[in-house]
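First comes the structure, then the notes that go with it.
The values are calculated or read from the model by the stated rules, or taken from the named source; none is laboratory data. The model shown is predicted, which means the values in this text are computed figures rather than measured ones. Please note: Cβ atoms are built from the backbone with ideal geometry, for glycine as well, and neighbour counts cover all protein chains shown. Just the protein is used for accessible areas: all its heavy atoms, side chains included, with ligands, DNA and RNA removed. Shrake-Rupley method; radii C 1.70, N 1.55, O 1.52, S 1.80 Å.
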Amino acid sequence: PHGRERLALLAFPGGADHPAAVLKVPRLPRFNAAAQGEREVLREVRAGLPAALAATLPRPLGLLQAGGLAVAVESCAPGRSLLRSSGSWAAPTGRRVADLELAAEWLAEFHGALQLARGPWGAQQSEEWVAAPLEAFHRRFVATPEEEQLFALARERGASLAGTVVPTVWQHRDFSPWNLLRDGD
């Protein structure tokens with residue numbers, strides 16, 4: 001299962017060790033628009049990237065209608081899940097750090113290539129991107145002293161950015177070890 005909205009089905013050709021495609025099937029027709037929207041965003045994102053970087057993302061292959069559901073079909077990016085290589089507690093620290101560094105490098109390259117806008121950082125951005133998330137955290141959890149120290153540093157950093165031109169970039173809500181693949185470096 002992929003959250004509460006859909007199922008992700010991997011299609012393996014006979015004897016293959018890598019899926020040829022993924023079918024994203026909404027659980028209910030009310031999730032059809034999300035499937036269609038995600039497909040269009042993927043198409044838009046890939047179109048805005050250099051070819052080498054676009055090749056690291058799945059390709060939208062089609063949209064099928066089945067039983068009132070909009071089934072999105074995508075290619076599968078090459079590589080092995082970071083969950084397999086470094087996602088367990090038993091994974092060597094060096095491998096985990098290397099995977100994290102590669103993921104961060106890829107993300108920086110991606111955001112450098114595909115910016116939605118650029119503008120000065122100000123009080124509104126500091127409130128939206130620093131203060132509000134920290135307030136949401138405090139509504140749900142009791143912060144440890146270490147977390148409070150980290151949050152104080154985040155607030156200071158947010159304030160220090162006043163006037164700095166920063167990019168607005170795409171956000172992926174599932175940038176996690178089970179959704180990141182490593183193929184070489």
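Taking the conditions exactly as written (of a type in the set (A, V, I, L, M) and open to solvent by 90 Å² or more (accessible area, probe 1.4 Å)), does Leu28 satisfy them or not? Before the answer, list the steps.
Working: of a type in the set (A, V, I, L, M): yes; open to solvent by 90 Å² or more (accessible area, probe 1.4 Å): no.
No: the conditions fail for Leu28.
Scan region 1-25 for residues that are open to solvent by less than 80 Å² (accessible area, probe 1.4 Å) and in contact (Cβ under 8 Å) with a residue 60 or more places away in the chain and jot them down.
His18 - this is the single residue of region 1-25 that is open to solvent by less than 80 Å² (accessible area, probe 1.4 Å) and in contact (Cβ under 8 Å) with a residue 60 or more places away in the chain.
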If Glu156 meets every condition in (1) in contact (Cβ under 8 Å) with a residue 24 or more places away in the chain; (2) more than 30 Å from Arg39 (Cβ to Cβ) apart from one, which number is that one? (1)
Those helices (runs of 4 or more DSSP H) lying entirely in region 94-185 with at least 2 residues surrounded by 10 or more Cβ atoms within 10 Å (Cβ to Cβ), over 19 Å from the mean Cα position of the chain (by Cα) and polar (S, T, N, Q): 123-126, 145-160
Kindly provide the set of residues from region 133-185 that are touching a strand residue (DSSP E or B) at 6+ places or on another chain (Cβ under 8 Å) and among the aromatic types (Phe, Trp, Tyr), ordered by number. Trp170, Trp178
Six or more apart or on different chains, Cβ atoms under 9 Å: show the pairs whose first residue is in region 95-117 and on the phi < 0 side of the Ramachandran plot and whose second is among the β-branched types (Val, Ile, Thr) and open to solvent by less than 40 Å² (accessible area, probe 1.4 Å). Phe110/Val45; Leu114/Val45
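When the residues of region 31-53 are filtered to those that are of a type in the set (Lys, Arg) and free of Cβ contacts under 8 Å to residues at least 24 places away in the same chain, which remaining residue is most open to solvent (accessible area, probe 1.4 Å)? Lay out the reasoning, then the answer.
Pass one, region 31-53, residues of a type in the set (Lys, Arg): 39, 43, 46.
If we keep only those that are free of Cβ contacts under 8 Å to residues at least 24 places away in the same chain too, we end up with 43, 46.
Numbers: Arg43: 101, Arg46: 52 Å².
Once the filter is applied, the top-ranked residue is Arg43.
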